[in-house]
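The values are calculated or read from the model by the stated rules, or taken from the named source; none is laboratory data. All values derive from a computational prediction rather than experimental measurement. Cβ sites come from the backbone with ideal geometry, for glycine too, and all protein chains shown count toward neighbours.
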Amino acid sequence: MANALRCELERAGHEIVSIDGLRSMSPRFDRLLRSVYRFQLEHAPWSYELLFRLVDLTPIACLIRLLSGLLFGRRLQRIIERERPDIVVSTYPLVTATLGWLRLTGRLATPAVAVISDYGVHKLWVAPGIDRHLVLSAASARAVQRAGSNSACVIRPPLAPAFAALPPERAAARRALGIPEAAFVALVTGGAWGVGALAETVDLAVSAGAFAVVVTGRNTRLRARLERRFHRCPNALILSWVNDMPQLMAAADCLIQNAGGVTCLEAMAVGRPIIIYRPIPGHGRLNARFMEQVGVARRARDADELHEMLRAMASGTLRLSAPCFESDMSASAAILSTEPLPAARSGRASPSRSLPRLLPVAASLAAAALWITLSPGALAMTGRTLRLPMTDHTPAAGEEALVVIATDPLVAGALQSQIEAWHVPATLLVDAAGARGLHPTAEISFGVVERSGQRHLVSPWRRRQAVRRAVSELEKGAGASPVYFLPSPGSRDRPNLTALMVAPIHTRILVMTHSEPESRPAGVIVLDTSSMTPDEAQSRLQQILSESQSRGLRWVPLNEVSS
């Protein structure tokens, strides 16, 4: 977005000085922030969602704005005084927060503009003191107002110069990429880092009759994994980082995205329908909500809905309308017409007076974070509040779901064959050892279980390494990614939030107690075969299946009895 804005202003005849604001304010903090952000998205998405929601609370957003001003304001002020611009434009939230603080405290006389390139608006992206916030829709402008500023202006977003030219012809673009001219093409992207459920999305697109083009960005490991998985599939094209997005957009019939952002704006510029599926935590889910509300994207709530939507589009029975921008005002015109807000107050905040007032707030936040992390009750409460991926069973009369735990490869293989013979929609949970006995199947959903006997005081990093090994073995053996995660079955305590630190990405955490077959209620039946031989495990499973059949109960998938 920053490069596109620079190009737009330069084409209008203005001299631009482009600076990485966060890196200039603090190179170490910039590296730390980027590293933590990527780690959260790839390994602990729940933590990013939690942080995103917390920072959206007004007191915490105000605290961060104040801290950014006190810690980085002087450095940013020196840079601005050195360059002596007519106006300052920010495209990054913490830079926006620091600029707002400088304007509010009278340290900066130069007008400041903030560009919000997402449809969703977070409180930290809005800063009192900023003279104008540039947004993408009227709904975004109302969100800016709710966040405490009346300076929102709806614009047509700046895009790369290549999108200003006529797009390539569809037929020529497809020939260049080796895509069948008559195919229905779904373009799947996950940002520069290739995050999100891209493999699942490609699976759904191909099975729905579409030709899937997936862009993995700079995620070389993901590209290698997808190439191994789809190397025999003629309807999937795996790409890494691409420099010619206009060509990809011209070849595509629709875009499937999980975060919003610039790629969606580029799709809108060339009239491609947008489908949001499995949005990433934080800004991805916020964008999905706003884009659906505004009407520029369709949201697929689950795999079945996405599959049906793509099947209907590929067959021609469903046609999604092309989204369009709400305003024709360019970003450069909005920037150049910015009127400074009324004079900021001249009093300057003193760090020596401000910091003591922050200590009680910081202590309260630290105490809350410790309780959330270690309290077993906090897992369920926080999960409901933030809609984190957890599953707790609710028994339903006349229906049962079967969950089988297997940590031995011979047991896992024998039970898988037995479950397939009975055609039961069971869930099979395995560790790394158990996963080695599996084979590919479409009848069973899989999950990962922590090895029996592990306790919560074991290092979360060691636990996570063990879980990642199990995921890898599961993908090799069964050819499937885990849907569920059962933490520490050897512990009699209900899991706390540390379970979310080790859970595989895009899995649902199972929160349940074991029920003995002899006294089980209708609902979820958990058969733990960790200490059984293959013959013992098959005998026990045979007993459970036979008893349920004689009682006239119906077996259903786990997700049909979970809440």
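How do the pairs read when you match residues in region 405-421 that are more than 14 Å from S445 (Cα to Cα) with residues anywhere that are of a type in the set (D, E) and modelled with pLDDT under 95, using Cβ under 6 Å and keeping only pairs 6 or more apart or on different chains?
Sorted first by the residue in region 405-421, then by its partner, the pairs are T407/D431.
Quick check on my filter: what residues within region 163-222 are among the polar types (S, T, N, Q) and in contact with a helix residue (DSSP H, G or I) (Cβ under 6 Å, 6 or more places away or on another chain)?
Listed by number, the residues that qualify are T189, T216.
Which condition does W46 not pass, out of (1) touching a helix residue (DSSP H, G or I) at 6+ places or on another chain (Cβ under 8 Å); (2) free of Cβ contacts under 8 Å to residues at least 24 places away in the same chain; (3) over 28 Å from A160 (Cα atoms), if it passes all the others?
Here W46 clears every test but (2).
Say we look at region 56-87 and pick out the residues that are in a loop (DSSP other than H, G, I, E, B) and of a type in the set (D, E); which of these is nearest to I130 (Cα to Cα)?
Across region 56-87, the extreme among qualifying residues is D86.
I'm told A172 meets every condition in (1) assigned by TED's automatic domain parsing to the domain that holds L54; (2) surrounded by fewer than 17 Cβ atoms within 10 Å (Cβ to Cβ) except one. Can you identify the failing condition by its number?
Only one criterion in (1) assigned by TED's automatic domain parsing to the domain that holds L54; (2) surrounded by fewer than 17 Cβ atoms within 10 Å (Cβ to Cβ) is unmet by A172, namely (1).
Let's see how each residue does on (1) under 23 Å from N3 (Cβ atoms); (2) touching a Lys or Arg at 6+ places or on another chain (Cβ under 7 Å); (3) surrounded by fewer than 17 Cβ atoms within 10 Å (Cβ to Cβ):
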| position | (1), (2), (3) |
| --- | --- |
| L54 | no, no, yes |
| T58 | no, yes, yes |
| L66 | no, no, no |
| L76 | yes, no, no |
| I80 | yes, no, no |
| I87 | yes, no, yes |
| V95 | yes, no, no |
| L102 | no, no, no |
| A109 | no, no, yes |
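Does E200 satisfy the criteria of being part of a helix (DSSP H, G or I) and either surrounded by fewer than 23 Cβ atoms within 10 Å (Cβ to Cβ) or in contact with a Leu (Cβ under 9 Å, 6 or more places away or on another chain) (or both)?
On the way: part of a helix (DSSP H, G or I): yes; either surrounded by fewer than 23 Cβ atoms within 10 Å (Cβ to Cβ) or in contact with a Leu (Cβ under 9 Å, 6 or more places away or on another chain) (or both): yes.
Spelling it out, E200 is indeed part of a helix (DSSP H, G or I) and either surrounded by fewer than 23 Cβ atoms within 10 Å (Cβ to Cβ) or in contact with a Leu (Cβ under 9 Å, 6 or more places away or on another chain) (or both).
Here are some residues: E266, E227. Which one is among the acidic types (D, E), touching a residue at least 60 places away in the same chain (Cβ under 8 Å) and not in a loop (DSSP other than H, G, I, E, B)?
So the residue among E266, E227 that is among the acidic types (D, E), touching a residue at least 60 places away in the same chain (Cβ under 8 Å) and not in a loop (DSSP other than H, G, I, E, B) is E266.
Does any residue of region 435-452 turn out to be part of a strand (DSSP E or B), among the hydroxyl-bearing types (S, T, Y) and at pLDDT below 90?
no
Filter region 203-222 for residues that are touching a residue at least 12 places away in the same chain (Cβ under 8 Å) and part of a helix (DSSP H, G or I); which is surrounded by the fewest Cβ atoms within 10 Å (Cβ to Cβ)?
T220
Among the residues of region 200-213, is any closer than 30 Å to V471 by Cα and of a type in the set (D, E)?
yes
Residue-wise test of (1) in a loop (DSSP other than H, G, I, E, B); (2) buried (at least 17 other Cβ atoms within 10 Å of the Cβ); (3) modelled with pLDDT of 65 or more.
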site	(1), (2), (3)
A480	yes, yes, yes
P495	yes, yes, no
A499	no, yes, yes
I509	no, yes, yes
A537	no, yes, yes
L545	no, yes, yes
Q549	no, no, yes
N559	no, no, yes
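Report, ordered by the first and then the second residue, all pairs with beta carbons closer than 6 Å, sequence separation of six or more or different chains, a first member in region 153-177 that is part of a helix (DSSP H, G or I), and a second member that is surrounded by fewer than 19 Cβ atoms within 10 Å (Cβ to Cβ).
P161/C7; A171/E181; A173/Q247; R174/E181
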